[in-house]
Amino acid sequence: MQTNIMLCGVGGQGIVLTSKLIAAAAMEEDIPVMSAETIGMAQKGGSVFSFLRLGEGVSCPMFGKKSADILIAFEPAEAVRMLPYLKDGGKAVVNTHAIMPVTAALKGSNYTGDEMIDYLKEKVDDLLLIDGTKACEEIGSPKVLNMIMLGAALSRGVLPFDVAKIEQTMRNTVKPQFHELNSRALRYSL
Amino acid sequence: MHKEFLMGNAAIARGAVDAGLNVISGYPGTPSTEVLETAAKNNDGSLYVEWSVNEKAALELSAGAAYCGANSMVTMKQVGLNVASDPLMSLAYIGVKGGMVILVADDPGPISSQTEQDTRHFASYSKLPCFDPSSVQEAYDMIQDAFEYSRKYNTPVLFRPTTRVCHGYASITVKDKDERKTNKPEGFVKDSSKWVIFPRLSYNAHIHIEKRNAELSHEFSAYRKNEIFPEEKKGCKRGIATHGISFAYTTEALKGMEAPRILKVSTPFPFPEQKALKFLEGLDEVLCIEELDPIIERELIYICGKYHLDVRIYGKLTGNVQPAGENTVESVYNNIAEFMGFEPLDINPDESTPELPVRPPVLCAGCPHRASFYAVKKAMKGIKSVFCGDIGCYTLGNAMPLDMVDTCLCMGAGVNITQGIGKIEPDTKCFAFVGDSTFFASAITGAVNAVYNQADMTLIVLDNSTTAMTGHQPHPGTGRTMMGQVVDKIDITAVLKGIGVQTVETVDPLKLDEAVECVKRVSAQKGVKAIIFKSPCAVLIKPEKPVVIDSDKCKQCKKCINELGCPGIVIKDGKVTIERSLCSGCGLCSQVCPFGAIGGADNAD
């Protein structure tokens with residue numbers, strides 16, 4: 001069984017960290033993992049992606065278009081940008097909060113992400129939209145967006161583990177005072 | 001043996017440590033940086049680790065250690081080898097006593113580099129053996145082989161991964177600590193007939209090197225990482241020759257299909273000629289899938305000529321593989337599809353996709369470089385001036401609306417480029433911007449040249465007390481070393497004064513008026529003068545509270561956005577808004593606002 005995961009968003013949203021957490025969970029379950037992600041200059045407010053591949057027989061860290069079982073997008077336009085990697089019938093979890101790039105602000109653009117969401121609704125049958133900003137406010141920290149998104153992805157039943165497994169991995173990597181907060185974030189969509 | 005999830009660069013470092021590494025030196029540069037950082041993290045106290053001032057110094061240090069019988073490794077990105085090429089070319093003649101690996105990470109794309117140069121050329125040019133891993137596991141295994149070959153032949157060897165191997169992650173099998181090799185260096189044994197380069201020595205060494213490389217070509221033909229897939233297959237008429245990450249793409253693209261014969265070249269120099277001959281046997285056509293330059297392709301054409309083989313070789317030279325940029329799973333699939341005659345993938349984007357916002361990299365919110373560029377821009381308004389940039393985060397000062405980088409060439413080049421421009425256009429105010437790490441790496445000699453030759457220019461040192469672009473490595477001005485020592489900081493002002501720069505002023509760029517006055521005052525003088533804009537990298541300091549916009553005072557003139565281009569100021573519902581998650585409270589925008597509408601958080605209530 002192979003699972004291809006595409007994580008994407010904007011630099012600083014915690015995409016790489018989320019990818020690492022899933023990889024660590026897989027390692028604990030003896031599932032082979034490969035990944036590839038944006039590193040370096042592009043991280044400064046640029047588009048960030050992470051290819052993540054779980055399962056036996058994977059030989060290449062990146063996969064081709066129409067290969068991802070699930071797309072976990074932290075920003076609507078980034079979801080659209082990476083959508084070609086989602087396989088037909090694949091599932092998508094998308095944060096509806098749009099991040100306006102400086103270039104758009106300069107041009108006086110009023111990019112809100114709405115047309116991106118409309119496009120995604122048209123193209124993806126199994127689409128879960130999350131208002132990440134509202135969810136963060138409800139949980140009480142702007143820093144748990146990645147756990148909210150990961151929890152939402154887990155609810156789609158595509159990843160080869162359940163929320164309890166990810167919770168256990170999270171506890172191994174996150175400071176104890178943040179365990180409860182992160183657990184609530186992981187369970188937000190359940 | 002056990003499993004670990006490692007980045008390619010971490011795997012290389014771990015492999016080197018497991019092979020008995022004694023010394024590692026380098027200069028940071030994407031995509032190579034994490035190799036040295038991982039080695040430092042795994043230092044049990046037996047390893048000497050240093051970020052050197054530049055690649056030339058790093059390579060010379062590692063060479064010296066290997067003269068003593070140590071196992072040493074020097075790390076850099078591809079353009080770093082240009083800086084280190086002087087010692088490299090000579091060291092190839094001298095050789096080493098221990099094991100020495102020169103790790104040079106190439107960057108197809110290029111993703112974060114000035115050039116798409118191919119270090120495999122440097123291998124044949126310097127006549128040094130070269131290893132080219134195709135996966136994270138292979139990088140771990142092969143770096144250990146590289147040390148073995150280096151020790152066996154008393155020569156430095158090149159190890160050349162590319163970005164996707166360096167920055168790819170995989171769960172791989174690595175040695176346990178007790179399986180590590182150890183190496184006890186014998187020490188330096190004086191022998192001037194061996195360690196002092198003279199024409200006679202070089203002549204003899206040249207003869208020896210050619211003979212050795214012929215031997216190595218033979219030995220590499222039997223090397224386990226130069227592979228033909230499948231091992232035995234009769235009646236095959238087509239073959240694919242590839243290397244590195246493109247081998248992984250090829251395997252991925254051919255999944256579930258009738259595969260042609262595949263040759264994976266892991267040692268591009270000396271080329272494994274006998275292995276290639278075995279691969280070519282019975283084939284009519286070969287497609288070479290490479291990144292950067294067509295090196296395997298040319299080698300195969302040469303072998304076909306040498307042995308009178310009637311095999312057609314396709315690749316970059318025949319226009320069947322893209323000449324520049326990174327390969328991808330799709331591009332490789334389509335190269336193979338064309339070659340094998342099956343249906344290519346439709347890689348045209350969906351036309352109904354809404355227009356996507358572009359996200360070019362920008363200076364961070366609160367970055368002091370933004371303030372420095374803005375101060376110079378304001379001071380020079382209406383005055384004919386030129387701004388020569390350099391390599392680092394501050395190259396991003398080129399973006400609109402700052403638009404303050406007129407030239408950028410290579411590390412440290414800006415100083416002397418302004419000098420040249422000033423000679424031809426004496427009525428232009430010339431500015432060279434250089435970061436603190438770049439100043440130490442390669443701008444000091446440029447500054448000496450400018451002073452000596454009576455240039456008229458202003459040197460701007462953007463001192464954020466770190467090597468920010470590559471992930472905050474220490475340098476001579478930071479007072480910290482990779483061995484964890486706290487040492488005397490090398491003072492940039494004292495260096496400049498010492499080489500004869502009379503005026504050196506230091507100013508905080510976030511105090512805008514003072515900074516602008518300073519630029520006006522200093523740049524009005526004749527000769528070489530310097531300004532040090534000193535303010536720490538915004539990523540390294542605890543941010544202040546975000547600023548607040550007073551909606552009564554804000555006239556929506558958008559001057560803050562149009563002049564500064566800070567990612568912390570956005571337009572929401574048609575109104576200028578502070579993006580609280582990004583704003584670090586640097587206060588530059590409040591000094592730019594003509595209506596005093598932007599203030600500190602405390603004034604807001």
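The values are calculated or read from the model by the stated rules, or taken from the named source; none is laboratory data. Worth saying up front: this structure is predicted, and the values here are computed from it rather than measured. Don't worry about glycine lacking a Cβ; one is built from the backbone with ideal geometry, like all the others, and counts go over all protein chains shown.
List of remarks:
- Here B:T407 meets each of (1) of a type outside the set (D, E, K, R); (2) under 15 Å from B:C566 (Cβ atoms); (3) modelled with pLDDT of 95 or more with one exception, condition (2).
- Here B:G596 meets the list (1) in contact with a helix residue (DSSP H, G or I) (Cβ under 7 Å, 6 or more places away or on another chain); (2) exposed (fewer than 13 other Cβ atoms within 10 Å of the Cβ) almost entirely, failing just condition (1).
- Test: residue in the stretch A:145-154 that is in contact with a Cys (Cβ under 9 Å, 6 or more places away or on another chain), surrounded by fewer than 20 Cβ atoms within 10 Å (Cβ to Cβ) and either closer than 30 Å to B:C560 by Cβ or of a type outside the set (F, W, Y) (or both): no
- Here B:V23 meets the list (1) within 18 Å of the chain's Cα centre (by Cα); (2) buried (at least 23 other Cβ atoms within 10 Å of the Cβ); (3) β-branched (V, I, T) almost entirely, failing just condition (1).
- Comparison of B:A66, B:A10 shows that the only residue that is hydrophobic (A, V, I, L, M, F, W, C), closer than 30 Å to B:R200 by Cα and in the same structural domain as B:P199 (by TED's automatic domain parsing) is B:A66.
- The test for being outside any helix (DSSP H, G or I), more than 30 Å from B:K558 (Cα to Cα) and in contact with a strand residue (DSSP E or B) (Cβ under 7 Å, 6 or more places away or on another chain) holds for A:D69.
- For the stretch B:130-154, the candidate set comprises residues that are crowded, with 24+ Cβ neighbours inside 10 Å and assigned to a loop (DSSP other than H, G, I, E, B); within that set, the residue that is farthest from the other protein chains (Cβ to nearest Cβ) is B:D132.
- Per-region count, the stretch A:135-158, residues under 18 Å from B:R580 (Cβ atoms) and away from chain B (no Cβ under 14 Å): 4
- Every condition in (1) more than 14 Å from chain B (Cβ to nearest Cβ); (2) touching a Leu at 6+ places or on another chain (Cβ under 6 Å) holds for A:G132 except the one numbered (1).
- Residue within the stretch A:169-182 that is of a type in the set (S, T, Y), surrounded by 16 or more Cβ atoms within 10 Å (Cβ to Cβ), under 30 Å from B:I561 (Cα atoms) and within 14 Å of another protein chain (Cβ to nearest Cβ) present: no
- From the options B:F131, B:F147, residue that is in contact with a strand residue (DSSP E or B) (Cβ under 6 Å, 6 or more places away or on another chain) and more than 13 Å from B:T267 (Cα to Cα): B:F147
Here is a yes/no grid of residues against (1) more than 13 Å from the chain's Cα centre (by Cα); (2) closer than 28 Å to A:Q2 by Cβ; (3) more than 7 Å from chain B (Cβ to nearest Cβ); (4) not in a helix (DSSP H, G or I):
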{"site": "A:L83", "(1), (2), (3), (4)": "no, yes, yes, no"}
{"site": "A:D88", "(1), (2), (3), (4)": "yes, yes, yes, yes"}
{"site": "A:V94", "(1), (2), (3), (4)": "no, yes, yes, yes"}
{"site": "A:I117", "(1), (2), (3), (4)": "yes, no, yes, no"}
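- Filter result (of a type in the set (G, A, S), within 18 Å of B:V49 (Cα to Cα) and within 14 Å of chain A (Cβ to nearest Cβ)) within the stretch B:459-490: B:G471
- Every residue from the stretch B:366-389 that is at pLDDT below 95 and under 20 Å from B:G420 (Cβ atoms): none
- Filtered residues of the stretch B:296-309 (kept if more than 28 Å from B:T163 (Cα to Cα), free of Cβ contacts under 8 Å to residues at least 24 places away in the same chain and either of a type in the set (A, V, I, L, M, F, W, C) or loosely packed, with under 14 Cβ neighbours inside 10 Å (or both)): B:G305, B:K306, B:H308
The rows are residues; the columns are (1) of a type in the set (D, E); (2) crowded, with 17+ Cβ neighbours inside 10 Å; (3) under 24 Å from B:V501 (Cα atoms); (4) in contact with a helix residue (DSSP H, G or I) (Cβ under 7 Å, 6 or more places away or on another chain).
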site: B:V528; (1), (2), (3), (4): no, yes, yes, yes
site: B:I531; (1), (2), (3), (4): no, yes, yes, yes
site: B:I541; (1), (2), (3), (4): no, no, no, no
site: B:D552; (1), (2), (3), (4): yes, no, no, no
site: B:K559; (1), (2), (3), (4): no, no, no, yes
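- Residue in the stretch A:126-136 that is among the acidic types (D, E) and free of Cβ contacts under 8 Å to residues at least 24 places away in the same chain present: no
- Counted residues, the stretch B:559-585 - those being at the interface with another protein chain (Cβ under 8 Å from one of its Cβ atoms), more than 31 Å from the chain's Cα centre (by Cα) and either under 17 Å from B:S372 (Cα atoms) or of a type in the set (G, A, S) (or both): 3
- If the condition is being among the aliphatic types (A, V, I, L, M) and modelled with pLDDT of 95 or more, then the stretch B:514-544 contributes B:A515, B:V516, B:V519, B:V522, B:A524, B:V528, B:A530, B:I531, B:I532.
- Index of the failed condition, B:A324 passing every other in (1) touching a residue at least 24 places away in the same chain (Cβ under 8 Å); (2) on the phi > 0 side of the Ramachandran plot: (2)
- Selection within the stretch B:1-36 - more than 14 Å from chain A (Cβ to nearest Cβ) and without any contact (Cβ under 8 Å) to a residue 40 or more places away in the chain: B:A13
- Residue count for the stretch B:80-118, restricted to those that are in contact (Cβ under 8 Å) with a residue 40 or more places away in the chain and within 14 Å of chain A (Cβ to nearest Cβ): 8.
- Residue check: B:E330 meets all listed conditions (1) part of a loop (DSSP other than H, G, I, E, B); (2) within 12 Å of another protein chain (Cβ to nearest Cβ); (3) over 30 Å from B:L588 (Cα atoms) but one, namely (1).
- Every residue from the stretch B:164-220 that is surrounded by 14 or more Cβ atoms within 10 Å (Cβ to Cβ) and within 14 Å of another protein chain (Cβ to nearest Cβ): B:R164, B:V165, B:C166, B:H167, B:G168, B:Y169, B:A170, B:S171, B:I172, B:V174
Residues are listed down the side, and each one gets a yes or a no for (1) small (G, A, S); (2) surrounded by fewer than 18 Cβ atoms within 10 Å (Cβ to Cβ):
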residue: B:V321; (1), (2): no, no
residue: B:G325; (1), (2): yes, yes
residue: B:N348; (1), (2): no, yes
residue: B:L356; (1), (2): no, yes
residue: B:P368; (1), (2): no, no
residue: B:V376; (1), (2): no, no
residue: B:M400; (1), (2): no, yes
residue: B:M404; (1), (2): no, no
residue: B:C410; (1), (2): no, yes
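- Scanning the stretch B:37-50 finds no residues that are buried (at least 24 other Cβ atoms within 10 Å of the Cβ), in contact (Cβ under 8 Å) with a residue 40 or more places away in the chain and closer than 24 Å to B:I111 by Cβ.
- Matching strands (runs of 3 or more DSSP E) fully within the stretch B:209-287 where at least 2 residues are without any contact (Cβ under 8 Å) to a residue 40 or more places away in the chain and farther than 18 Å from B:E297 by Cβ: B:227-229
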